[in-house]
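Q: For reference, the structure I am asking about is given below.
What follows draws every value from the coordinates through simple rules; no lab data is involved. If you're wondering where the values come from, they're calculated on a predicted model, not measured in any experiment. Heads up, the Cβs are rebuilt from the backbone with ideal geometry, glycines too, and the neighbour counts pull from every protein chain shown.
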Amino acid sequence: MSSSAPSPFVLSAAAFEKIAPEEYYKRFTSQKIRPDARRFPAFRQTSVQINSISTAYGSSVVRQGNNMVICGIKGEVAEPKFATPKQGYVVPNLELSPICSADFAPGAPSELAQTISHRLDQLVRTGHLLDLEQLCIVEGAAVWTLYVDITCLAFDGNILDAALLALTTALQNTKLPRATFHEETSLITVEPTSPSTQSADSATVALTVARPLFAASFACLPDGVILADPNATEEKVAETLVSIVLDTSGQLAHVWSHGKTAVANSPTIQACIEQARQRVSELQNIIQLAAPKA
């Protein structure tokens, strides 16, 4: 009676990645490649679609690899703060729901969603992305509040880059209804025009984004490898995550880093900044192709 040897246990690539992600990535990075076939400095394919929401004053859809976010801008008239009587408000909010990834639960916003929303707010207020005095209707009496809703429809890591790109391009294409102040009644009337109107006419006022800002993020692995535009798995195996925000002239607007290793003012940061400058040039070309044709 013959006996056959037991079949050897074979671990699938997907199971190996889930059980031992650090070792899984090390097998690839030792060969100077990533599991999705990208080289270390390569960003995922990115596309921008402008004015896709007909009911918004400005909108944008951004796809970056397996990420997909949609940004819509609505507005309402409000009173300005006493200290800044000529400045309006921009209120960005990122939504990460179970629809985009099983990593997120229904209910209160996740820590990541709150963090990214706060960073976008910082860039608007201190990064001078938008001159808030453009939102003034009547000094000391009425200004626009812009509600920027960014919804993630598909999530695969590095959501800041996609969210900021959607915010910037939506603002660049925002047209507000013309508002009029009536002195005799102290009331504000808004022209009854469709927010989807794309032509510059007497009933709309186009915003000007004085300083467009773009983010380029990186994952620093324990072995010193730097991966541009990390996906969700790469973020989890990273020792440190770094986000560089630049304007179109390559000037630094903000740097965020967090993780096990401090990288501030290190050669790692400088290397990320240089890669980020190249990325900004790529994004400008992408936006130019997406711009509405005259």
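Q: Can you list the residues, at least 5 places off or on another chain, whose amide H is less than 5 Å from the amide H of ALA154, using H built in the peptide plane?
A: Those lying under 5 Å, H to H, from ALA154 are MET68.
Q: Report Rg (one decimal) and Dmax (nearest whole number) for the stretch 217-287, counting Cα atoms only, units Å.
A: 12.1, 35
Q: Using the Karplus curve 6.51 cos²θ - 1.76 cosθ + 1.60 with θ = phi - 60°, work out ³J(HN,Hα) for each residue of the stretch 145-154 in order, rounded to whole Hz, and write x for Gly and Pro.
A: 10, 9, 9, 9, 9, 10, 10, 8, 9, 8
Q: I would also like to ask the following. Run the numbers for ARG178 and SER47: contour at 0.36 nm per residue of separation, minus the present Cα-Cα distance, in nm.
A: Computed gain between ARG178 and SER47 is 44.0 nm.
Q: What do you get for the angle between helix 267-290 and the principal long axis of the chain? Use alpha-carbon atoms, 0 to 90 degrees, nearest ten.
A: Computed tilt is about 60 degrees.
Q: May I ask you to evaluate 6.51 cos²θ - 1.76 cosθ + 1.60, the Karplus curve with θ = phi - 60°, for each residue of the stretch 221-229 and list the ³J(HN,Hα) values in order in whole Hz, giving x for glycine and proline?
A: Here the 3J(HN,Hα) series is 7, x, 8, x, 6, 10, 10, 6, 6 Hz.
Q: At a 4.7 angstrom Cβ threshold, list every cysteine in the chain that has nobody to pair with, or say none.
A: For the chain, the answer is CYS71, CYS136, CYS220, CYS272, because their Cβ atoms have no other cysteine Cβ under 4.7 Å.
Q: What is the gain in length, in nm to one decimal, between ALA291 and SER266 on full extension, counting 0.36 nm per residue of separation less the C-alpha to C-alpha distance?
A: 5.3 nm
Q: How much length is gained on full extension from THR145 to TRP256, taking 0.36 nm per residue of separation minus their Cα-Cα distance?
A: Stretched fully, the THR145-TRP256 segment lengthens by 37.2 nm.
Q: Shifting gears a bit: Taking amide H atoms as placed 1.01 Å from N in the peptide plane, list the residues 5 or more away in sequence, or in a different chain, whose amide H sits under 5 Å from that of THR204.
A: For THR204, the qualifying residues are ARG178.
Q: Next up: Along each principal axis of its Cα atoms, how long is the stretch 110-183 end to end? Whole angstroms, biggest number first, please.
A: Taking the Cα atoms of the stretch 110-183, the three principal extents are 52, 21, 20 Å.
Q: For the stretch 130-144, take each phi angle, set θ = phi - 60°, evaluate the Karplus expression 6.51 cos²θ - 1.76 cosθ + 1.60, and give the result in whole Hz per residue in order, putting x for glycine and proline.
A: Working through the residues one at a time gives 9, 6, 5, 6, 5, 8, 7, 9, 9, 3, x, 10, 8, 9, 8 Hz.
Q: Now for a separate question. If you build the Cα gyration tensor of the chain and take the root of 5 times each eigenvalue, what three semi-axes come out, in whole angstrom, biggest first?
A: Semi-axes from the Cα gyration tensor: 43, 20, 17 Å.
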